[in-house]
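Q: Quick one: this structure, given as structure tokens, is what I'll be asking you about.
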Amino acid sequence: MGQSYNVAVIGAGAAGLVTARELQREGHRVTVFEKANKVGGTWLYDSRVESDLLGLDPNREIVHSSLYKSLRTNLPRQVMSFLDYPFVKRESGDRRPFPGHEEVLRFLQDFARDFGLMELIRFGHEVIRVELVDEVSHEWVVESRTRETESRWESKEEVFEAVVICNGKHTEPKVAEFPGRDTWPGLQMHSHNYRTPEQFENKIVVLIGNGPSATDLLKEISPLAKQVHLAFRGSDIMLINLKNYDNAWPHSPIECAHEDGKVVFQDGSIVEAEVIIHCTGYRFHLPFLKSNGIVTVDDNRVGPLYKHIFPPSLAPWLSFVGLNYRALVFRVLDLQAIWVAKVLSGKVKLRTQEAMAASVEEYYEQMEKAGLPKYHTHSLQNDEGEYVSWLAAQSDIRPPKSWEEITFFSFVKGIFRHGENFRDTWDVDKWIQEIESSD
């Protein structure tokens, strides 16, 4: 048996659950802090929306989930499995290859129950401070609070030897910047606070963005709205075919907005809109982490982090699981959690602090030379295969050969090949079976 530590895990979504499972397997003593009263993280649907629909007010009460009621997965259930826990079709569940969010939540609830994780979780505990208090004994204070009454909170401090942050990345909205945004008189909201389309009936709506959320919202809003205008960068490839919609039009990004309600686009077109919905992504947000400036968030780059996980000068006592995107995320979460747990138990050795810091700097330099902005630091779109293979090798895991072909990028190509209705027209089961049978 390896070394055993008292470890705090922040968050009980997919990342936190699989991390807790792996830490427990390695013999660590695990406490999971979860703000909500159930597991699931971003997959826990909440019909509530925030008081500030754009998410700019720092004093707003944050609603963690970004799910809209009709949301279905963008990836099939096969690649939302954990290595030894498949996301199978259940007789009484949603058996579609791209299921609704309720089915993903049930999968995570089953995972937590089957591995005895529920007793490790402190539900209703919001973490408000994580701070290193003793560098020699690597002691961390985790301060959490629970709501006693509507207006009264009770705080508690506890000491841990290691902390793994798994708090997700879909809570702090990133909104578009354009002149006149703050004085435009209509309704503005971020897709984080979208749930159902009824309020947009007979409205003239501008959607900013061209990702999965913008596509789904356009499909759902357009049957009710008077007009829908999609504003996006010219370099973006469109998944949705607007020719199939008689009340939807494409535009370049917004140039400015006026107090009389007019929205002016960079192509010179003008729309008298009533609603602007920002489908513009999220920012990493770590307000509770007090690291004396060692770990920062700069233009959505959380760093410095070795392999997106360990801050070199604080490793292995502080780590992150689940920062990456544009990847088959559940696969990545699983491998990251296994590595963190084995590093803490001493079964796997990290490189020296100097070597890890040098590796981070090299990665940043490579990004700069390639012209990639900081905010793409944690995207794995171009190197998912290499990263996953490296992670697997650290824990002596031999991934199946099919992983080389079944990647996020291969799914993106399939999605564009099958168009906006890919979830219902793509026989993805057959596609995956053909790849796996050729191993």
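The values are calculated or read from the model by the stated rules, or taken from the named source; none is laboratory data. What you see is a predicted model, and the numbers here were worked out from it, not measured in a lab. Neighbour counts run over all protein chains shown; Cβ positions are idealised from the backbone, glycine included. With ligands, DNA and RNA removed, areas are computed over all heavy atoms of the protein, side chains included. Shrake-Rupley method; radii C 1.70, N 1.55, O 1.52, S 1.80 Å.
Q: Just checking, how many residues over the range 301-324 are in contact with a Lys or Arg (Cβ under 8 Å, 6 or more places away or on another chain) and of a type outside the set (D, E, K, R)?
A: Selection size over the range 301-324: 3.
Q: Continuing with the same structure: Quick one: residue 199 ticks every box in (1) open to solvent by 70 Å² or more (accessible area, probe 1.4 Å); (2) more than 21 Å from residue 181 (Cβ to Cβ); (3) in a helix (DSSP H, G or I) bar one, so which box is it?
A: (2)
Q: Continuing with the same structure: Looking for whichever is modelled with pLDDT under 90 and either outside any loop (DSSP other than H, G, I, E, B) or open to solvent by 70 Å² or more (accessible area, probe 1.4 Å) (or both) here; the options are 159, 136. Which one fits?
A: From the options 159, 136, the qualifying one is 136.
Q: So is residue 359 closer than 22 Å to residue 384 by Cβ, among the hydroxyl-bearing types (Ser, Thr, Tyr) and buried (at least 19 other Cβ atoms within 10 Å of the Cβ) or not?
A: No.
Q: Check off (1) modelled with pLDDT of 95 or more; (2) open to solvent by 30 Å² or more (accessible area, probe 1.4 Å) for residue 275 and give me the number that stays unchecked.
A: The single condition residue 275 does not satisfy is (2).
Q: Testing residue 252 on (1) open to solvent by 40 Å² or more (accessible area, probe 1.4 Å); (2) hydroxyl-bearing (Ser, Thr, Tyr); (3) farther than 19 Å from residue 71 by Cβ, one condition comes back false. Which one is that?
A: Of the numbered conditions (1) open to solvent by 40 Å² or more (accessible area, probe 1.4 Å); (2) hydroxyl-bearing (Ser, Thr, Tyr); (3) farther than 19 Å from residue 71 by Cβ, the odd one out for residue 252 is (1).
Q: Oh, and also: Scan the strands (runs of 3 or more DSSP E) fully inside the range 242-289 and keep the ones with 1 or more residues being without any contact (Cβ under 8 Å) to a residue 40 or more places away in the chain.
A: 248-251, 262-265, 270-272
For (1) surrounded by fewer than 17 Cβ atoms within 10 Å (Cβ to Cβ); (2) in contact with an Asp or Glu (Cβ under 6 Å, 6 or more places away or on another chain); (3) of a type in the set (D, E, K, R); (4) within 30 Å of residue 416 (Cα to Cα), each residue gets a yes or a no:
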residue: 50; (1), (2), (3), (4): no, no, yes, no
residue: 53; (1), (2), (3), (4): no, no, no, no
residue: 56; (1), (2), (3), (4): yes, no, no, no
residue: 67; (1), (2), (3), (4): no, no, no, yes
residue: 79; (1), (2), (3), (4): no, no, no, yes
residue: 87; (1), (2), (3), (4): no, no, no, yes
residue: 95; (1), (2), (3), (4): yes, no, yes, yes
residue: 99; (1), (2), (3), (4): no, no, no, yes
residue: 105; (1), (2), (3), (4): no, no, no, yes
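Q: Determine which member of the set 380, 391 is within 14 Å of residue 326 (Cα to Cα), open to solvent by less than 70 Å² (accessible area, probe 1.4 Å) and touching a helix residue (DSSP H, G or I) at 6+ places or on another chain (Cβ under 7 Å).
A: It is 380.
Q: Checking the structure you have, find out if any residue of the range 13-34 is in contact with a helix residue (DSSP H, G or I) (Cβ under 7 Å, 6 or more places away or on another chain), over 30 Å from residue 392 (Cβ atoms) and of a type outside the set (Ser, Thr, Tyr).
A: Checked the range 13-34: no residue is in contact with a helix residue (DSSP H, G or I) (Cβ under 7 Å, 6 or more places away or on another chain), over 30 Å from residue 392 (Cβ atoms) and of a type outside the set (Ser, Thr, Tyr).
Q: Within the range 1-35, work out how many residues are open to solvent by 30 Å² or more (accessible area, probe 1.4 Å) and assigned to a loop (DSSP other than H, G, I, E, B).
A: Total satisfying the criteria: 5.
Q: Against the definition (small (Gly, Ala, Ser) and open to solvent by less than 30 Å² (accessible area, probe 1.4 Å)), how does residue 268 come out, yes or no?
A: In short, no.
Q: Quick check on my filter: what residues within the range 310-330 are open to solvent by 20 Å² or more (accessible area, probe 1.4 Å), in contact with a Phe, Trp or Tyr (Cβ under 8 Å, 6 or more places away or on another chain) and either at pLDDT 95 or above or among the polar types (S, T, N, Q) (or both)?
A: 315, 316, 317
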